[in-house]
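Asks: Quick one: the structure is below, questions incoming.
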Amino acid sequence: MLKIRTVRHGSPEYWSTIDLRRRILRIPLGLDFDPDELEKEVRDLHVAAFSLAQLVACLVLTPIDADQIKMRQVAVEEGRQGKGIGTELVLFSERLARDRGYSRMILSARDTAIPFYERLKYNVEGEPFEEVTIPHRLMAKNL
């Protein structure tokens, strides 16, 4: 059974999400986190999915303004991808954002992730751009 909840910045669970994000999103690109970057995450919402108390997925929600929040750093353990965990994580995050008064979720999607977000009713906006050395597209959804 999957349990999804927020975790506190700086907690042991937070550092587990950093490890997962590093392994899934950064190391394959030859990148790592800058300590200053992680320090700035103190104002973000950190969402984590656990299966039998083991972290299997996570994402970060960064407030943009009173109406918009940005979903970023979505990571699912390799052996767990394609099993609906990412979908559950995103839907939980949308409810969390809506409950906190946000009306719009935005994200920067890697080209390979665009079909996943389109299935969840996100729309591509604007032109392609490069982020963390690879092509991305801005996507958005009204909550």
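Asks: Which of (1) more than 23 Å from Phe116 (Cβ to Cβ); (2) within 14 Å of the chain's Cα centre (by Cα) is the odd one out, the single condition Asp32 does not satisfy?
Replies: Here Asp32 clears every test but (2).
Asks: What number of residues within region 1-48 satisfy the criterion of being more than 21 Å from Pro63 (Cβ to Cβ) and small (Gly, Ala, Ser)?
Replies: Residues flagged as more than 21 Å from Pro63 (Cβ to Cβ) and small (Gly, Ala, Ser) within region 1-48 amount to 2.
Asks: Any idea how many residues of region 1-57 are part of a strand (DSSP E or B) and either in contact with a His (Cβ under 9 Å, 6 or more places away or on another chain) or touching a residue at least 12 places away in the same chain (Cβ under 8 Å) (or both)?
Replies: Residues in region 1-57 being part of a strand (DSSP E or B) and either in contact with a His (Cβ under 9 Å, 6 or more places away or on another chain) or touching a residue at least 12 places away in the same chain (Cβ under 8 Å) (or both): 16 in total.
Asks: Would you point out the residue of region 49-79, among those that are acidic (Asp, Glu) and surrounded by fewer than 16 Cβ atoms within 10 Å (Cβ to Cβ), that is nearest to Arg5 (Cα to Cα)?
Replies: Glu78
Asks: Okay, moving on. For region 2-22, give me the residue count where each residue is over 20 Å from Thr87 (Cα atoms) and basic (Lys, Arg).
Replies: 2
Asks: While we're here: Among the residues of region 86-103, how many are of a type in the set (Gly, Ala, Ser) and either part of a strand (DSSP E or B) or touching an Asp or Glu at 6+ places or on another chain (Cβ under 7 Å) (or both)?
Replies: 1
Asks: For residues in region 104-132 being acidic (Asp, Glu) and not in a strand (DSSP E or B), which is nearest to Ile69 (Cα to Cα)?
Replies: Glu118
Asks: Kindly indicate which of Leu20, Leu25, Leu55 is under 20 Å from Pro115 (Cβ atoms) and not acidic (Asp, Glu).
Replies: Leu25
Asks: Just checking, which of Val132, Val124, Val74 is at positive phi and either among the hydrophobic types (A, V, I, L, M, F, W, C) or touching a Ser or Thr at 6+ places or on another chain (Cβ under 6 Å) (or both)?
Replies: The unique qualifying residue is Val132.
Just so you know, all these numbers are worked out from the coordinates, no wet-lab data involved. Computed from a predicted structure; not experimentally measured. Reconstructed Cβ throughout: ideal geometry from the backbone, glycine too, with neighbour counts over all protein chains shown.
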